[in-house]
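*Asks:* Sharing a structure below in structure tokens format, with a few things to ask.
The values are calculated or read from the model by the stated rules, or taken from the named source; none is laboratory data. Bear in mind the structure is a predicted one, so any value in this text is a computation, not a measurement. Neighbour counts are summed over all protein chains in view; Cβ atoms, including those assigned to glycine, are modelled from backbone coordinates with ideal geometry. Accessible surface areas use protein heavy atoms only, side chains included; no ligands, DNA or RNA. Shrake-Rupley method; radii C 1.70, N 1.55, O 1.52, S 1.80 Å.
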Amino acid sequence: MIVLGIESSCDETAAAIVNDKREILSDVVLSQEEHKIYGGVVPEIAARSHLDHIDDIIEQAITRANIKPEDIDAVAAAAGPGLIGGVVVGVMAAKALALALNKPFVAVNHLEGHALVSRLTNNVEYPYLLLLVSGGHCQILIVKNPGDYERLGTTIDDAAGEAFDKVAKMLKLGYPGGPMVEKMAAIGDENRFALPHPLKGSGDLNLSFSGLKTAVRKIIESYGKYNIEETVLPRKDIADICACFQKTASECLIDKLGKAADYFKQKYPNGKHIVVAGGVAANTYLRKNLEKLAIDKGLEFAAPPIRLCTDNGVMIAWAGLERFQKGYTDDLSFKPRPRWPLDENAPKAAGAGGVKA
Ligand code: KG4
Ligand code: ZN
């Protein structure tokens, strides 16, 4: 079985082809550079750029996979959540191709793409505990099957990636900020500044990053003449702030995930894995600490290779393949969804959303 997946929900125009032998036949990603000068993604520019490139990216995916279009068994696209202008471009392209090839169309939740990709790359079995950390989302979930999730906790304000991006912006490190913060953190002193751990001991599994970001801002402002538009701090201070922020953000995630792991093990004694996914899962410091946590809890740690953590077509193709295997295909009238919670169709599990830490 061969599935083509299309991703266009933020600033990556991507297409990829995978098969049911867990082989990635092609993986084409175009990261839009146009947003850099604005310090963040501009939705209108993103949508236009997707439109300009999508046909070429799909064609490249088919050529590199060395298959004929007719060999494709289903066409999947990220149909939300995300920037709607871009999502519409990918969904329209997928529907048109599905129609032309007379093959089914599969609407994939972008978050499900992140959530399931480790099953392709690491052969992870259901159920597993997932930390989903991207630019727009930050959730702790139990993944039981495609479309079947139990959400244990979520951020009550900023997503983890958003916090990395905002800290990077304050320090003038450019966009996207995560990779730059990680790079600077590697040469900084992670014990120089004590930062708060919002919602620590809150009694639930929710997270919060807004207070952490504000604490970073206060440190920066303590440099007397600081002006958000102009001041560039000395390199050593930037590195120390990045290291302290990365350490604290990681501690916040590990703290709640550790409590979630206790719940997961008790409820699913056969569950084996802690998995991390989403753009922030590319962070090596976080991955190392998650690995330690998994060992402590007697679980195995799995993470997609770094290039499959940030947005890509492979994860959409794979989630599409899993859905297709289950018989979940979608009508060509499916409407793209700017908002689409991952757990909305899940059967209500006892304790869902209200797990006590
Ligand atoms: O999953 P993704 O590519 O897009 C969304 O679905 O949001 O995630 C992008 C986010 C950005 O906030 C980016 O700064 C963050 O992932 N990110 C990282 C790293 N690489 C990407 N955050 C921390 N460390 C990294 N190495
Ligand atoms: Zn994403």
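*Asks:* Shape of segment 1-153 from its Cα gyration tensor (a ≥ b ≥ c, root eigenvalues): rounded if a/c is under 1.5, otherwise prolate when a/b > b/c, or oblate?
*Replies:* The shape class here is oblate.
*Asks:* In whole percent, and with a 1.4 Å probe on the protein chains, what portion of the accessible area of segment 126-303 is carbon and sulfur?
*Replies:* 52
*Asks:* Let me ask another. How far is it, in nm, from the label point at Glu291 to the one at Asp148 when both lie 7 Å from their Cα along the line to the Cβ?
*Replies:* Computed distance between label sites Glu291 and Asp148 equals 3.2 nm.
*Asks:* Please give the peptides 189-202, 23-36, 109-122 ranked by average Cβ packing (other Cβ atoms within 10 Å per residue), highest first, as a rough proxy for protection.
*Replies:* Highest mean packing first, the order is 109-122, 23-36, 189-202.
*Asks:* Going by average Cβ neighbours within 10 Å, how do the peptides 79-85, 284-290 rank, with the highest at the top?
*Replies:* By packing density, highest mean first, the sequence is 79-85, 284-290.
*Asks:* While we're on this one: Find how much the distance from Tyr38 to Arg235 grows on full extension, using 0.36 nm per residue of separation minus their present alpha carbon separation; answer in nm with one decimal.
*Replies:* Here the segment from Tyr38 to Arg235 would lengthen by 68.7 nm.
*Asks:* Same structure, new question: Averaged over every viewing direction, what's the projected area of the C-alpha convex hull for segment 126-303? Give it in nm², one decimal, please.
*Replies:* 9.9
*Asks:* While we're on this one: Dipole size in debye (nearest 20) for segment 46-201 around its Cα centre, Lys and Arg Cβ +1, Asp and Glu Cβ -1?
*Replies:* Using only the charged Cβ atoms, the result is roughly 260 debye.
*Asks:* Quick check on the chain: take the gyration tensor over C-alpha atoms, sort the square-rooted eigenvalues as a ≥ b ≥ c, and tell me if it's rounded (a/c under 1.5), prolate or oblate.
*Replies:* oblate
*Asks:* Taking the Cα centre as origin and putting +1 on Lys and Arg beta-carbons and -1 on Asp and Glu beta-carbons, what dipole magnitude results for the chain, to the nearest 20 debye?
*Replies:* 1020
*Asks:* Further question on the same structure: How large is the accessible surface per residue of segment 126-303, computed with a 1.4 Å probe and reported in Å² as a whole number?
*Replies:* 41
*Asks:* Shifting gears a bit: Name all residues of segment 65-98 having a backbone nitrogen under 19 Å from the label point set 7 Å from the Cα of Ser31 along its Cα→Cβ direction, giving them as ranges.
*Replies:* Once the point is set 7 Å along Cα→Cβ of Ser31, 83 turn out to lie under 19 Å by backbone N, inside segment 65-98.
*Asks:* Could you list, in their original order, any pairs among Lys166/Lys218; Lys36/Lys288; Lys166/Lys259 whose Cα atoms are separated by more than 24 Å?
*Replies:* Among Lys166/Lys218; Lys36/Lys288; Lys166/Lys259, the Cα-Cα distance tops 24 Å for Lys36/Lys288; Lys166/Lys259.
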